[in-house]
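Nothing in this text is a laboratory measurement; each read-out follows from the coordinates by a stated rule. The shown structure was predicted, so the numbers you read here are calculated from the model rather than taken from an experiment. For neighbour counting, all protein chains shown are included, and Cβ atoms are generated from backbone atoms with ideal geometry for every residue, glycine included.
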């Protein structure tokens, strides 16, 4: 009986963990930004707090043809002509330039999908202490 319960729960939870590229297509806006303070020095923490405040107005657009846009008010961090590719097994989205789409070089950004439920998604921007809650629409 306990195995039946376990497998029932496992089967029920599979849709929560499945991810495919079609689920990402669209415009996603930041609804909340969270900053992990672990391991940061004071100057790094101040820089991340400034970034955290700015990123709350950012949006990510994933197009069906692989084009990617990161709309951000800091022009040095904005991505206007990017390319995105999903590694569904690892729940990672890789962002490169459109010109570098064949081998994902240069890699501009890697995003780990932590949770995805319909039009809501929680992601971690790898190489940073920032976790974002995104809303599609």
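Stretch residue 114-residue 128 to full length: gain in nm at 0.36 nm per residue minus the Cα-Cα span?
Going from the current span to full extension adds 3.6 nm.
Classify the chain: rounded, prolate or oblate, from the alpha-carbon gyration tensor (a ≥ b ≥ c, eigenvalue square roots; a/c under 1.5 rounded; otherwise prolate if a/b is larger than b/c)?
oblate
I want to verify a result. In a Gaussian network model of the chain, Cα cutoff 10 Å, which of these has the top mean-square fluctuation: 119, 23, 89?
Its mean-square fluctuation being the largest, the pick is 89.
For the range 82-137, what class follows from the C-alpha gyration tensor (a ≥ b ≥ c being the square roots of its eigenvalues): rounded when a/c is under 1.5, otherwise prolate if a/b is larger than b/c, else oblate?
Prolate.
Among 79, 50, 95, which one shows the biggest mean-square fluctuation in a GNM of the chain, springs joining Cα atoms closer than 10 Å?
Answer for the Gaussian network model of the chain: 50.
Rounded to the nearest 10 degrees, what's the angle between the helix 42-55 long axis and the longest principal axis of the chain, both from Cα atoms, 0 to 90?
On a 0 to 90 degree scale, this one is about 80.
Starting from the 7 Å offset along Cα-to-Cβ, what nm value, one decimal, do you get for the label separation of residue 50 and residue 37?
2.0 nm
Among 61, 127, 115, which one shows the highest mean-square fluctuation when the chain is modelled as a Gaussian network with alpha-carbon springs under 10 Å?
127
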